[in-house]
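The values are calculated or read from the model by the stated rules, or taken from the named source; none is laboratory data. Nothing here was measured: the structure is a model prediction, and the numbers come from that model. Cβ: placed from backbone, ideal geometry, glycine included. Neighbour counts: every protein chain shown.
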Amino acid sequence: MNEKSASVIESLRACIDPAQVLTNPEDLVPYNADWRGRYQGNALAAVRPASVAEVAAVVRVAALAGIAIVPQGGNTSLCGGAVPSEDHSQIVVSLSRMRRVRAIDGENATMTVEAGLTLADAQKAARDAGFLFPLSLASEGTCQVGGNLSTNAGGTAVLRYGNMREQVLGLEVVLPDGEIWDGLRGLRKDNTGYDLKQLFIGAEGTLGIITAAVLKLQPLPRSSATALLAIADPAAAVRLLQRLREAFGDRLTGFEVMARICLDFVVRNMPGTQDPLPGHAWYALVQIDDSAAGADLQSLLEGLLGTALEEGLVVDATIAQSDTQAKNLWALRENVSEAQRPEGYSIKHDISLPVSSIPQFIERAEPALAAALPGVRFVTFGHFGDGNLHYNLSEPEHATPEQRASFKAGTAAANHIVHDLTAGYGGSISAEHGLGRLKRDEIKRYKSELELGLMRRIKAAFDPQQIMNPGKVL
């Protein structure tokens, strides 16, 4: 450690609890790698402040020394957005100790929480107060509200409630010079100039560190119906989605679609999982909710599915008869990513498309990718209702070392095939995971120089020293 680095560490230990400034290599292991194991960094230190004042003090030390900062929440990023560089020069600022629920305003239907609160704990706090916080992700037990905000997380209920951007009324942010912006306003209307909070949502920590947020709360669902449906193909899914929207309107909370291989992976790799509808090519998972008690959603859904079965729109169906059965059906979808890990190397894509274009995209992408990656397995699933497709490619089954090496070598070519097709349909190469390091260079192919230039100007205005999460997004 050089003299400058040693001085920075000493200053950090002077402004927060010295025990929360971690420098030992073994202590830094959890902060240096991403969840997928794709990116490995080497931080100078990991700092764990317990308040916004301590975050501000840490940032002031870093800004004075010109040391880069990597904000980190639950470290569940799929794009390397929260991993430090390898050169032992950056400080990880972990928000994990900032996990208080500061306030719940039931009459305003809001709660103010700190950025280190896990999503599951935020959901529980809302539920305990008689409300719903609707963001739901497979990683909700680990991911944190600050990370959800920084990536504008989506999840399984976007169809009804929107992305994280739609769940937020106000933010508290520590800026790159250590100043604190207090924008914790619980207002649904505030037309007093630029909506600054929106700049920080989805910015992946490149403009400042989100330390707290005012979140919208929704009425708790008091009636619900969940069904797993076997369908012929993605084109049938588009028609079925339209039928469900016509019948249920905004009571349609979730519409997820999965290829057969997704269930194969879950049943094979997640112990205790059962397959309720074996032998079909595609599946849709549907959830209908109503805040009114006594709404007979199950009978309404059964009636619609009866007609859909007669018309061939649905091939087979099972409707959950209890909360436990509903949770088991959702587990099939939520465990897909985890179940894919034992299947070897994968090339993941988080894209969004107009819903109407998804069938054509899949029809065109598969032959092109099969030619480029012999033996590729298409692990296709996603939040079909809002056009978000997780278009993942797994290495050949029982791949030899040579096959695995060849598959990995084809990553860039596969990305170009998928992303070029996506752009051709007016889609986005990142729907909800962000850009991070993974897509930082790839985005240059699809955004105009004008758009990228505007983003750089915003970055320069907020962070002239370029110390906030450098090397990510831009």
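Of the residues making up segment 391-428, those that are in contact with a strand residue (DSSP E or B) (Cβ under 6 Å, 6 or more places away or on another chain) and either more than 24 Å from LYS447 (Cα to Cα) or modelled with pLDDT under 95 (or both) are LEU393, SER394. For segment 75-102, a residue qualifies if it is buried (at least 17 other Cβ atoms within 10 Å of the Cβ) and not in a loop (DSSP other than H, G, I, E, B), and the qualifying residues are ILE91, VAL92, VAL93, SER94, VAL101. Identification of helices (runs of 4 or more DSSP H) wholly contained in segment 1-69 with 2 or more residues that are surrounded by fewer than 19 Cβ atoms within 10 Å (Cβ to Cβ) and among the hydroxyl-bearing types (Ser, Thr, Tyr) yields 3-15. Among the residues of segment 318-338, those that are in contact with a helix residue (DSSP H, G or I) (Cβ under 6 Å, 6 or more places away or on another chain) and either surrounded by 21 or more Cβ atoms within 10 Å (Cβ to Cβ) or closer than 25 Å to TYR425 by Cβ (or both) comprise LEU332, VAL336.
The strands (runs of 3 or more DSSP E) located wholly in segment 189-267 include none with 3 or more residues which are of a type in the set (D, E, K, R) and modelled with pLDDT of 95 or more. Scanning segment 408-438 for residues that are touching a Lys or Arg at 6+ places or on another chain (Cβ under 9 Å) and surrounded by 18 or more Cβ atoms within 10 Å (Cβ to Cβ) gives ASN415, HIS419, LEU421, ILE429, SER430, HIS433, GLY434, LEU435, GLY436, ARG437, LEU438. Scanning segment 155-183 for residues that are assigned to a loop (DSSP other than H, G, I, E, B) and buried (at least 19 other Cβ atoms within 10 Å of the Cβ) gives GLY155, THR156, ALA157, ASN163, PRO176.
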